[in-house]
Amino acid sequence: MTIHTQPAAIDSVKKSLVALKMPRALEILDTTLRRIEQGEVTWIEALDQLLIEELTLRDNRRVSTALRMSRLTTVKTLAGFDFAFQPSLDRNRILALAELKFIDRAEVVHLLGPPGTGKSHLATALAVEAVKAGKSVAFATLADIVTTLAKAEREGTLRERLRFLARASLLVVDEIGYLPVVPGGGNLFFQLVNARYEKGAMILTSNRGFTEWGEVFGDAVVATALLDRLLHHAVVIQIEGSSYRLRQHAALVPENVRSRPLTNQPQPKRRGRPPGRTNDDPDSG
């Protein structure tokens, strides 16, 4: 059979591909038929290639849509991370996290280090891996999360917003400690952490050590309650190094600013819940 001797059959196949919403298969059909005529592939190989091309297109669309839904501002990959620039970082440990078993175990991954050391890049890359694996992902800075929760509280929709943010398989909270948390924001964030505790995985990035969280959230009791849950099932990765963004201008940056180590603290003892909890706070679990 050739393309020229079976036009009616080929037209029928094309109509079927349109009806089945298989645009990639339709696009490469004529080329595939010519390859069959020239003996480059068999019919079964051609059919296999058509289906693979279509499935690849659909998977790419799924990933693209999921990335938009996750609110990832940029797409970073582990392949694009310069491990050589951060020798303190254990590459194998990061690659093990990329297997995403921590999501199945509802663990919390802490990425700690000075600005520019790759925390957000790694968090984003792990989130992208999760999206590719079909996991639901939500990404936001701490400031944006607190702002969203505060708005929901004012509008009387806090419970619904907490449920929405607790639904994702992986929640990435970026930039803890970069901006001051508004009064009451720590308690709102605690309610979110509490809703996800032992139910959903998280990745947190911060330029502040755990001993400084009382200052970050403006309340030592709230900070202790947060760390009590966030360190219970946790993986802590501390990056000690210089800013990748400032590498070309390192000579202009004071030595004490180039690499400022963070003090990692052991898991705090349980000291109860922070004051001021509302009826919207989910069960502690």
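The values are calculated or read from the model by the stated rules, or taken from the named source; none is laboratory data. As the structure is a computational prediction, the values presented were derived from the model and not from experiment. When we count neighbours, we look across all protein chains shown, and the Cβ atoms used for this are built from the backbone with ideal geometry, even at glycine. With ligands, DNA and RNA removed, areas are computed over all heavy atoms of the protein, side chains included. Shrake-Rupley method; radii C 1.70, N 1.55, O 1.52, S 1.80 Å.
Kindly indicate whether any position in the range 159-182 is touching an Asp or Glu at 6+ places or on another chain (Cβ under 8 Å) and surrounded by fewer than 19 Cβ atoms within 10 Å (Cβ to Cβ). Let's see the steps before the verdict.
Let us first name the residues in the range 159-182 that are touching an Asp or Glu at 6+ places or on another chain (Cβ under 8 Å), namely 159, 162, 177.
Add one more test, that the residue is surrounded by fewer than 19 Cβ atoms within 10 Å (Cβ to Cβ), and what stays is 159.
Within the range 159-182, one or more residues are touching an Asp or Glu at 6+ places or on another chain (Cβ under 8 Å) and surrounded by fewer than 19 Cβ atoms within 10 Å (Cβ to Cβ).
Could you tell me which of the residues 88, 136, 120 is touching a Ser or Thr at 6+ places or on another chain (Cβ under 6 Å) and closer than 24 Å to residue 227 by Cβ? Talk me through it step by step, then tell me what you get.
Numbers: 88 fails: touching a Ser or Thr at 6+ places or on another chain (Cβ under 6 Å); 136 fails: closer than 24 Å to residue 227 by Cβ.
None of the others qualify; the one that does is 120.
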From the options 171, 204, 226, residue that is in contact with a Gly (Cβ under 8 Å, 6 or more places away or on another chain), closer than 22 Å to residue 112 by Cβ, not in a helix (DSSP H, G or I) and not aromatic (Phe, Trp, Tyr)
171
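Suppose we keep only residues that are closer than 28 Å to residue 134 by Cα and among the basic types (Lys, Arg) within the range 1-33. Which one would you say is surrounded by the fewest Cβ atoms within 10 Å (Cβ to Cβ)? Break it down stepwise before answering.
Applying the first criterion (closer than 28 Å to residue 134 by Cα) to the range 1-33 yields 17-28.
Then drop every residue that is not among the basic types (Lys, Arg), which leaves 21, 24.
Values: 21: 10, 24: 18.
Residue satisfying both the conditions and the ranking: 21.
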Counting just the residues of the range 117-135 that are surrounded by fewer than 20 Cβ atoms within 10 Å (Cβ to Cβ) and part of a loop (DSSP other than H, G, I, E, B), which one comes out nearest to the chain's Cα centre (by Cα)?
135
Just one of 44, 103, 36 is loosely packed, with under 15 Cβ neighbours inside 10 Å and either part of a helix (DSSP H, G or I) or aliphatic (A, V, I, L, M) (or both); which is it?
44
Those residues of the range 139-158 which are closer than 10 Å to residue 188 by Cα and open to solvent by 80 Å² or more (accessible area, probe 1.4 Å) amount to 147, 153
Are any of the residues in the range 157-165 among the hydroxyl-bearing types (Ser, Thr, Tyr) and modelled with pLDDT under 95?
no
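Suppose we filter the range 183-209 for residues that are of a type in the set (Phe, Trp, Tyr) and either open to solvent by 10 Å² or more (accessible area, probe 1.4 Å) or free of Cβ contacts under 8 Å to residues at least 60 places away in the same chain (or both); how many remain? Step through it out loud before you land on a result.
Quick first cut of the range 183-209, residues of a type in the set (Phe, Trp, Tyr) only: 189-190, 197.
Subset that is either open to solvent by 10 Å² or more (accessible area, probe 1.4 Å) or free of Cβ contacts under 8 Å to residues at least 60 places away in the same chain (or both): 189, 197.
Residues flagged as of a type in the set (Phe, Trp, Tyr) and either open to solvent by 10 Å² or more (accessible area, probe 1.4 Å) or free of Cβ contacts under 8 Å to residues at least 60 places away in the same chain (or both) within the range 183-209 amount to 2.
Does residue 84 fit the bill of being open to solvent by 50 Å² or more (accessible area, probe 1.4 Å) and not β-branched (Val, Ile, Thr)?
On the way: open to solvent by 50 Å² or more (accessible area, probe 1.4 Å): yes; not β-branched (Val, Ile, Thr): yes.
It is true that residue 84 is open to solvent by 50 Å² or more (accessible area, probe 1.4 Å) and not β-branched (Val, Ile, Thr).
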